[in-house]
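Encoded as structure tokens, the structure appears first; notes follow it.
Read-outs throughout are calculated quantities, based only on the coordinates presented, and are distinct from any laboratory measurement. Note that this is a predicted model, so its numbers are computed, not measured. Note that each Cβ is placed from the backbone with ideal geometry, even for glycine, and that neighbours are counted across all protein chains shown.
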Amino acid sequence: MSDNRPLDFGQFWYSLGKELSEVPIAAETETLTMRSTDFADLYGIHISSIGPYAIYGYLSIPKGDGPFPVIYYVPKNASVLEIIPQGTSNQIRSRYITFSLACRGMRTADSPYAAMYPGQLTEGIESFSSYLYRGVVADTLRGLDFLLTCPSIDKSSIVAWGNDNALLAGALHGAVTHIVSTPSFLYDTINQASRTSSYPLEEFNDYLRHNPERKGQISEILSYYDLRFHSSAITAESLIMADYDGGLFDKKTLRNLTENMNGAVTVHPSERSSYKDGMFCEKWITDKLFGKDATPIVPNHWKLE
């Protein structure tokens, strides 16, 4: 790996952590009776992040005695916040505490700022201080800060699940024990964007078409977020959901991430089937947290496959 990691990389992230630590979590909880079930209670959680900025999440807690393992669905690059990802069996809430968080700009956390999709990934990218993603990463970490205050969590089983933010959470917050991640936009970003016209990476191409003179500047800013330079700080056991062989983020492309992570890593090349990839993912996390004899909880229609 050609090491273009910034010299002040550690200081950059230390400063963010210090700034976040000075903002009280200030959690406010509301019971969401309509979305609770006979096996889990749902809560709406208001918490504060840097800015200060108010963010929002859905916390689901199984009924019964804990502690329970946690799946933290990290903020995503999309406008709508879901309790659990679309297509996931609602019964997952009977086995895990789940926490799904909207970062600044997403709906339910869009006051005073409402993000554009596409557009979020380049918002304020003109400078280190104004780049929106600095706040998004802070929001992601603040979600973990909040989870650690919940008395019913099993602190030995906290899964960060999602896109690139799941890996950043593992690199920058010691609470994460397991990671399930599908890298999508924070790995060698400008080079990868030049290889595609698909979103979300096309956002960067859009930006550079209008601001070609800023390519060097935004490449430098994005280097602080590049997963390659966070890899050695990741000690959680991880599942990387890679593209199919020859895809944009395939196993070969991602090796500068996966080969430098300090936790055990499983790389799963996509089988181009949401069913097959989903089953692999659910079985992996069930094996890790409950043992190989436990049965994964999957959507009913998968059981017919």
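In the chain the Cα-Cα distances spread across 10 Å bins starting at 0 as 6, 28, 37, 23, 6, 0 percent of all pairs. Annotation: the residues 35, 195, 134, 104, sorted from fewest to most other C-beta atoms within 10 Å of their own C-beta, follow the order 195, 35, 134, 104. Each of 198, 49, 238 was scored by other Cβ atoms within 10 Å of its Cβ. Arranged with the fewest first, they read 198, 238, 49. Between the helical axis of 9-21 and the longest alpha-carbon principal axis of the chain there is an angle of about 50 degrees. Each Lys and Arg Cβ is given +1 and each Asp and Glu Cβ -1; about its Cα centre, the stretch 9-290 then shows a dipole of about 260 debye.
Could you work out the relative contact order of the chain? I mean the mean sequence separation of Cα pairs under 8 Å and 6+ apart, divided by the number of residues, in percent.
Normalised by residue count, the contact order of the chain is 14 percent.
Think of the chain as having a plus end and a minus end, set by charges on the Cβ of Lys, Arg, Asp and Glu; of 21, 108, 257, 257 sits farthest toward the positive end of this dipole. Given the options 269, 112, 183, state which has the largest fluctuation in a GNM of the chain using a 10 Å cut-off (strictly under) for Cα springs. The residue that fluctuates most here is 112. The length gained on full extension between residue 297 and residue 205, counted as 0.36 nm times the residue separation minus their Cα-Cα distance, comes to 29.2 nm. Once the Cβ-Cβ distance of residue 26 and residue 113 is raised to the sixth power relative to R0 = 22 Å, the FRET efficiency obtained is 0.75. For the stretch 217-294, the set of GluC sites (Glu not before Pro) satisfying both a DSSP loop assignment and a count of at most 14 other C-beta atoms within 10 Å is given as 259, 271.
Around the Cα centre of the stretch 164-305, unit charges on the Cβ atoms of Lys, Arg, Asp and Glu (plus for the first two, minus for the last two) sum to a dipole of about 120 debye.
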